[in-house]
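Report on the structure given below.
The values are calculated or read from the model by the stated rules, or taken from the named source; none is laboratory data. Worth saying up front: this structure is predicted, and the values here are computed from it rather than measured. With ideal geometry, Cβ positions are generated from the backbone for all residues, glycine too; neighbour counts draw on all protein chains shown.
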Amino acid sequence: MALLTDLPIEIQHRVLSFLHSHRDVAALSIQCRSLHALCDMPMRKKYRRLRIDSKDRSLNKAFAMLMEILKRPRLGRPTGSRGVYISQALTALFISVSPGLESLATPPPFFNYTGFYLPEQSHDFESVTYPLERLLRQVNSMPNDMPFLQNLRDVYVINRDCDEERYYTSMDFMGVMQLIHRLPSIEMIGTDILEEDENGAARLEFRSSNISRFAIHHSSLDTYYLANVVYSCKVLKEFQYSIGGRDVPGGSYSKFNPKTFFFTILPHRETLQILDVDAECHISEFSWEVVEYEELDERFEEWGGRRDAEHVWTGTPPESLWGQSGSLREFRALKRLSLGIHILMYYAQGVNLAKKESFSLVDCLPPNLEYLLIRGYEKGASEMHDAQIDSLVAWKDSGLSTLTEIQGITECIPHAEDVDDPDDEDAPLWEREEEWSSDSD
């Protein structure tokens, strides 16, 4: 006859975990020495009952016991590894006792998108498995009724690359936005190496989000995806987006349509303060030897425009998007601008506007601009560009403008690019900088 003690120790622990009665475990422990050691009755006695009152001694003991259980989950419940749950529980605890928390960096606190916000779901918080996800969903649903996360301003979403350091990584970025977008002080959300996840959450409702600043770098996203991110903002104050630093799985990169993107940010021309877009290498029309700016409006309708919008999985942009027209001059709040030379010229001349015979970049820049960075400008490559840049520098030096700094004039600032051969030892792969203290600190 097979004996319990003949089984591997892991199986014995598993069998023991099904004994919920303390008396049953105690009875088993007196059968033999090996079972007595396995049951560890002194430890079970210590963690069987806990009394908590308002006295410091009681609270200190309870908190010490909590930390022991969090470090060794089997003390609280004999189960297998629960690393994700424990790290999230610790994070949730720190949030709950840190009312002044302003910045948070976390991976998506869920396993892909759960469908929580889909119309057919019950929106039951008790059904949410992960502790941090549950906490964020609850606070975001009634943000003014909680004593914590009232001061959270900046969230960085850590995009785990699962030891794959060569490619952009799909991640449910909009799903994370839906966990924080109603918090009263939230301003900024950012991430890196992002590729859209078609199994993720669709867009947020129109102008439902308090998030006003975005920093999405070293990523590869469709223009419609970016449009739906901005579409959710009540107010847009800052938008940063760049490609590069990774290769694209399958070799098919996401194209960037500057016309569609301009329509996306134009409704925020009275509030947008910082615009930084480094995606010119994803615009094939700008790779031609001679760029005919007068023809660009029509060419940008051939892909990534109104005609293709109805097939977007994140949701079709509003019809009012396409009837707009305007130029950089209308962005009265813009103080810092960083663009490629071709996008700069295209936006300055105007989108969906009749092109003038004579064009002056100086007269078409935002009236309160203080900082301008131009990528991809090489003196001598284009007579038109040289003439416009010379006039720009003279205007800045005259002291008659608000512009105090121009980058990319004397030395070319290259465009960001996807990595062609990520297996090359010298490939310029992006790496996340670790800013945290080491475990030994």
Being among the aromatic types (Phe, Trp, Tyr) and within 24 Å of the chain's Cα centre (by Cα) is the filter here, so list the residues in the range 257-310 that pass it. PHE261, PHE262, PHE263
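On the basis of being without any contact (Cβ under 8 Å) to a residue 40 or more places away in the chain, among the acidic types (Asp, Glu) and either surrounded by fewer than 22 Cβ atoms within 10 Å (Cβ to Cβ) or in a helix (DSSP H, G or I) (or both), does GLU198 make the cut? Walk me through how you get there before you give the answer.
Values: without any contact (Cβ under 8 Å) to a residue 40 or more places away in the chain: no; among the acidic types (Asp, Glu): yes; either surrounded by fewer than 22 Cβ atoms within 10 Å (Cβ to Cβ) or in a helix (DSSP H, G or I) (or both): yes.
Answer is no for this residue.
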Looking only at the range 231-247, count how many residues are surrounded by fewer than 19 Cβ atoms within 10 Å (Cβ to Cβ) and not polar (S, T, N, Q). 4
Return only the number of the condition from (1) at pLDDT below 75; (2) outside any loop (DSSP other than H, G, I, E, B) that PRO78 does not satisfy. (2)
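Please work out which residue is nearest to TYR156 (Cα to Cα), limiting yourself to the range 201-212 and to residues that are in contact with a strand residue (DSSP E or B) (Cβ under 7 Å, 6 or more places away or on another chain) and buried (at least 21 other Cβ atoms within 10 Å of the Cβ).
The qualifying residue nearest to TYR156 (Cα to Cα) is ILE211.
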Do we find a residue being within 18 Å of VAL351 (Cα to Cα) and either of a type in the set (A, V, I, L, M, F, W, C) or in a strand (DSSP E or B) (or both) anywhere in the range 245-255? no
Which condition does PRO318 not pass, out of (1) surrounded by fewer than 18 Cβ atoms within 10 Å (Cβ to Cβ); (2) of a type outside the set (Lys, Arg); (3) modelled with pLDDT of 80 or more, if it passes all the others? (3)
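For the structure I just gave you, tell me whether THR191 is assigned by TED's automatic domain parsing to the domain that holds GLU165 and in contact (Cβ under 8 Å) with a residue 40 or more places away in the chain. First the steps, then the outcome.
Values: assigned by TED's automatic domain parsing to the domain that holds GLU165: yes; in contact (Cβ under 8 Å) with a residue 40 or more places away in the chain: no.
Considered against the rule, which asks whether it is assigned by TED's automatic domain parsing to the domain that holds GLU165 and in contact (Cβ under 8 Å) with a residue 40 or more places away in the chain, THR191 comes out as no.
For the range 261-307, which positions are among the polar types (S, T, N, Q) and either in contact with a helix residue (DSSP H, G or I) (Cβ under 8 Å, 6 or more places away or on another chain) or surrounded by fewer than 16 Cβ atoms within 10 Å (Cβ to Cβ) (or both)? If you could, list the steps in order and put the result at the bottom.
Initial filter on the range 261-307 (among the polar types (S, T, N, Q)): 264, 271, 273, 284, 287.
Answer for the range 261-307, where residues must be among the polar types (S, T, N, Q) and either in contact with a helix residue (DSSP H, G or I) (Cβ under 8 Å, 6 or more places away or on another chain) or surrounded by fewer than 16 Cβ atoms within 10 Å (Cβ to Cβ) (or both): THR264, SER284, SER287.
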